[in-house]
Each structure stands twice: as structure tokens, then as C-alpha cells.
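A.B. asks: This structure is in C-alpha cells; I'll ask about it shortly.
The values are calculated or read from the model by the stated rules, or taken from the named source; none is laboratory data. Since we're looking at a predicted model, the values are computed, not measured. Don't worry about glycine lacking a Cβ; one is built from the backbone with ideal geometry, like all the others, and counts go over all protein chains shown. Areas reflect the complete protein model, heavy atoms only, side chains present, ligands, DNA and RNA absent. Shrake-Rupley method; radii C 1.70, N 1.55, O 1.52, S 1.80 Å.
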Amino acid sequence: MNAELGAQLGQLLRMRTTAALGTLRAAAPYVSMVPYAMPADGSGFIVHVSTLAAHTKDMLADARVSLLVAEAEGGAHSALGLMRLTVQGLAGQLRAEDARLAECSAAYLARFPDAEPMFGFADFSIFLIRPESARFVAGFGQAHSLSGESLVKILQGKS
């Protein structure tokens, strides 16, 4: 993928704040919505979720997930031409002893400062979703498959 497409992808992920999160529930797909942030090193997607939520229980049972981040509808594009990124990855809960917890919590709170009170709730925790593969659609007829490693490099500005 060239630098221009990498910049478009980065812009999409900075402009949007929510993703559709696909998890597996009893081997069947389940989709919900989650706000997300990204660590400074571009290594994945950070979600802050409650253990009361179905998607959290699903991630704890099976780490395989998918995220979809899509351009907002309306404007000059038809629905078929919306820019979007689908990520397949593994979700890992960051525990108190994890060295990345403070960094990921800070990145999430920098993006969603109003979430700060929920960090005091015992049932909420940070998950880091590490990409294994991705599909970036820059517009109609402009689809690009990426490895997880390639996506991370693009997010680090090393495309």
C-alpha cells in the first residue's frame, strides 16, 4: 500500500471513535459497538469494557475478534464507496501486572476523558486487540488486504 493510502487509513482511524466489534458466542457471530483508541506504537486497538457486557464475556472465552471502522455515511460518497477497515485479531485483557496497562489506559483516556470515572469500576478492564490481518477499502473498487504486521507499520507511519 502506498503512503497516500496509508495516510487515508490513518485519517479514518483518527476521525472515527467507534467500531463494530465482532465476537464469537457459542461459535456464532455477535456484533456490538465499542469506542476504541490506539496505543502510540500503533500495535493494536484499545477497548475499555465491562465484564457485564456480552462482548467482554465472549472475548474472555475466545480471543478471536473482528473490528470494523467505517467512514460516516452521507456526503459525497454512496454507501458502496465508504472508506472502511476490517481487522481480524486477538483480544487480550490487560491485567494490573501488565506493563502495557498504564500506556493503554492513558491512550484511551486521552481520547475519551469522560470515561475516567469508569476506570474506578471493578468490572471494567482494558483489552488490547492485536491485528492478525486486515482489509482496507479506500473506496469503491479500491480494496487492499494487509497482514497484521503491515497494518501496524502503517499505523506507526512506516508504510
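A.B. asks: Show the residue pairs meeting these rules: Cβ distance below 8 Å; 6+ apart or different chains; first residue within region 112-125 and within 16 Å of residue 53 (Cβ to Cβ); second residue assigned to a helix (DSSP H, G or I) and small (Gly, Ala, Ser).
C.D. replies: Listed pairs, sorted by first residue: 119/105.
A.B. asks: What's the number of the condition residue 139 fails, among (1) open to solvent by 20 Å² or more (accessible area, probe 1.4 Å); (2) more than 16 Å from residue 35 (Cα to Cα); (3) in contact (Cβ under 8 Å) with a residue 12 or more places away in the chain?
C.D. replies: Of everything listed in (1) open to solvent by 20 Å² or more (accessible area, probe 1.4 Å); (2) more than 16 Å from residue 35 (Cα to Cα); (3) in contact (Cβ under 8 Å) with a residue 12 or more places away in the chain, residue 139 misses just condition (1).
A.B. asks: Can you pull out the residues in region 1-55 that are closer than 13 Å to residue 65 by Cα, in a loop (DSSP other than H, G, I, E, B) and in contact (Cβ under 8 Å) with a residue 40 or more places away in the chain?
C.D. replies: 44
A.B. asks: If I ask for residues that are open to solvent by 70 Å² or more (accessible area, probe 1.4 Å) and closer than 21 Å to residue 17 by Cβ, which ones from region 70-79 would you list?
C.D. replies: Residues satisfying the conditions are 73, 75, 77, 79.
A.B. asks: For region 145-159: of the residues being in a strand (DSSP E or B) and closer than 17 Å to residue 42 by Cβ, which is most open to solvent (accessible area, probe 1.4 Å)? Steps first, answer last, please.
C.D. replies: Start the filter on region 145-159 by keeping residues that are in a strand (DSSP E or B), which leaves 145-147.
Next cut, closer than 17 Å to residue 42 by Cβ only: 146-147.
Numbers: 146: 23, 147: 55 Å².
Once the filter is applied, the top-ranked residue is 147.
A.B. asks: Identify all residues within region 16-34 that are within 11 Å of the chain's Cα centre (by Cα) and crowded, with 17+ Cβ neighbours inside 10 Å; write none if there are none.
C.D. replies: Correct list: 16, 19, 21, 22, 34.
A.B. asks: Can you tell me how many residues within region 80-117 are modelled with pLDDT under 95, among the hydrophobic types (A, V, I, L, M, F, W, C) and open to solvent by less than 70 Å² (accessible area, probe 1.4 Å)?
C.D. replies: Total satisfying the criteria: 2.
A.B. asks: Kindly check whether there is at least one residue in region 40-59 that is closer than 19 Å to residue 143 by Cβ, surrounded by 15 or more Cβ atoms within 10 Å (Cβ to Cβ) and at pLDDT 95 or above.
C.D. replies: No, every residue in region 40-59 fails to be closer than 19 Å to residue 143 by Cβ, surrounded by 15 or more Cβ atoms within 10 Å (Cβ to Cβ) and at pLDDT 95 or above.
A.B. asks: Can I ask one more? Which of the numbered conditions does residue 67 fail, given that it passes all the others? Conditions: (1) open to solvent by 50 Å² or more (accessible area, probe 1.4 Å); (2) in contact (Cβ under 8 Å) with a residue 60 or more places away in the chain; (3) outside any helix (DSSP H, G or I).
C.D. replies: (1)
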